[in-house]
Every structure is written in structure tokens, then in C-alpha cells.
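A quick write-up on the structure given underneath.
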Amino acid sequence: MRGRPILPLLLLLLPLSVGIAGAQPPPPLGRVEIFGGFTFVAPTLDTLLTTSYTPPFRYATAEASSAGQTLQIAGDNGTGLELGAAFFFTEAVGIQVLFGADSFDLGGTNAPYTAHLEYISRQPPDYTPRPVIVDHAEDWPDTVGQLKQRHLSFNAVGRTHLGRRVTGQVSGGLTYFRMEGLVSPVGFSVYQLGGHSVLFPEHYQLEVALDPAHTWGGNVGGGIDVELGRNVALTADFRYFAGGTISSPVAVSQILNEDEVISVDPIETIQETLDPPAVELKPTRVRVMAGIRITF
């Protein structure tokens, strides 16, 4: 026995064993599957935050004052995770639940921030009232920020065999969306009239929070599974999500240039004065997922 060519015999048997493994019977009816993987998302978000307010003018009365800007908020590609479960009533038809969490950066190109102030100055030595007009225009940095999304979907799913080890599936249904994020910089100005009618302007750069907002929508998609064994498969899925417009309340969260401001106002006071409007968000996006599927 020592001289027989065992290794060549094993090599001849290996393709046969793989073929037998590939000819596995279909999974039993009433089966449960769980799956999960990494996701790549391409959002369609492109919206605006427009502020318009009256800058505070301390220790004097303004004849007229105004300030504001329009901030572009556009979504970039992002990444996330998705988990799901499915129950098949038959070999081809079932129901599916998806939960996903992803995030993506925000950007945008902005017009200058502007502020306007008119007041009466009384300077020595004669203290004669003189009208003063101050116009402030500042080139504004690009938008930065991040948006986080969560979704929970309830789908019907159908599946068919595309090959000995490959199955295809399509699914779609109702989706619940939750979105929140951070955006900066947002401009804010305060004016103060000191002794001898000397004007002291303070110009802030703020970070604002897009508070959690919710809506309902839908999803539709499809994918393929490639079996690695009887109960494990590689899975890939392409999916389109769409939902209604969400109004996200905006709240001042941080002063970014606090070290440049001499007399810092409390965030609560800034929020009350700025009174930023809600931002309109849409959860529409394309998502690609790749991961593992396990059948029980």
C-alpha cells in the first residue's frame, strides 16, 4: 500500500465531491434566513438652509438692521451597515424585514454672508447726531457636516433559482425613515455701541443640529445569493429607497469661533435671535449591500 499513488487519487475524487455538494436539495419550506453586510449609499439630498434675522444692537437703537445667508446642504456618498431577516412560506415566496444605518458627509458652495446696520452716532467733541450705515459682506466657507439615516423596511420577497448554486430575489415594501445630522458654518452677528459711539461688531460661525425627523416611504430592489454551503451564502443586493419630504428642526449646537468673540452670547440667546427655519430633507437614495446570508 505504501507505493500506491494516493495523492493523484484524491485529486481525481475532489471534483466529484464538489459536484455532489453542489447538487444539494432545495432548502426546506417554511425556512428562516438572517443576513447582514456592509452598505454603500448614494443619496440625492440637495437642500438649503436660509436664515434671515435682526442682529442685536446693544446700548443703542438701530434705525434698521438685517442679516442672513443661504447655506447649501448636499449629500455625498456614504457607507453603513444593514441587517435583515426573511421567512419563506414556500420555496419562492416570503416576507422580509430590513434594518439599516448609514451616514454620509454634507457639503455645498455658499454665497457670502451679509449683515446690514443703520444707526445714529454721536461722537465728540460736538456729539452731533450723524447717520451711519455699516454693511458687512464675508466670503463664506463651504458647508461641512454629516447626516445619519436609519430605516426599517417591511417587504414581500420572491426568489428563483438562477443556477445550481445561485438564486435571485426581488423584494419591496414599506419603509420608515429617521434622519438627523450636523451642519456648519452658519453665520450670526451682534453689534455693540461703546463709548464715544465706537462700534464693536461680533461675527460668529455656528454649528447647528438637524434634529431627528421621521417619515414613511418605500423601497424596491433585488439581488443574488451564491451558496458557499448548505446553510451559508454570499449575498449582494441593490435597492432604491424613496420617501416624503421631512422638516427637520434646526438648533444651534456649538460656537465654532468662540476664541475670536470677545463677549460670547449663550447658545440659547443665539438660538432665540437667529430662529433658524426647519430644513427640508428627503431620504431618497440608492443603496448597494454585500454580506452573508444564513439559512436555518
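The values are calculated or read from the model by the stated rules, or taken from the named source; none is laboratory data. These numbers come from a predicted model, not from an experiment. With ideal geometry, Cβ positions are generated from the backbone for all residues, glycine too; neighbour counts draw on all protein chains shown.
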Close pairs (9 angstrom Cβ cut-off, 6 or more residues apart or separate chains): without any contact (Cβ under 8 Å) to a residue 12 or more places away in the chain in the stretch 199-213, outside any strand (DSSP E or B) and surrounded by 19 or more Cβ atoms within 10 Å (Cβ to Cβ) anywhere: none
Residue within the stretch 166-175 that is more than 31 Å from the chain's Cα centre (by Cα), of a type in the set (A, V, I, L, M, F, W, C) and not in a strand (DSSP E or B) present: no
Restricting attention to the stretch 81-109, the residues that are crowded, with 18+ Cβ neighbours inside 10 Å and on the phi < 0 side of the Ramachandran plot number exactly 11
Just one listed residue, out of 176, 191, is of a type in the set (Phe, Trp, Tyr), closer than 16 Å to residue 287 by Cα and modelled with pLDDT of 95 or more, and it is 176
Being of a type outside the set (S, T, N, Q) and buried (at least 19 other Cβ atoms within 10 Å of the Cβ) is the filter here, so list the residues in the stretch 203-232 that pass it. 204, 206, 208, 210, 213, 221, 223, 225, 227
Every residue in the stretch 144-165 that is in a strand (DSSP E or B) and more than 26 Å from residue 246 (Cβ to Cβ), please. 157, 158, 159, 160, 161
Filter the stretch 266-296 for residues that are modelled with pLDDT of 95 or more, farther than 20 Å from residue 75 by Cα and in a loop (DSSP other than H, G, I, E, B) and give the result. 266, 275, 276
Strands (runs of 3 or more DSSP E) wholly inside the stretch 34-143 that include at least 2 residues being touching a residue at least 60 places away in the same chain (Cβ under 8 Å) and farther than 21 Å from residue 187 by Cβ: 62-88, 93-107, 113-123, 128-138
Mind listing just one residue for me: the one in the stretch 233-245 that is within 22 Å of residue 181 (Cα to Cα) and among the aromatic types (Phe, Trp, Tyr) and, of those, surrounded by the most Cβ atoms within 10 Å (Cβ to Cβ)? 241
Mind checking whether some residue in the stretch 210-225 is within 30 Å of residue 65 (Cα to Cα) and touching a strand residue (DSSP E or B) at 6+ places or on another chain (Cβ under 9 Å)? yes
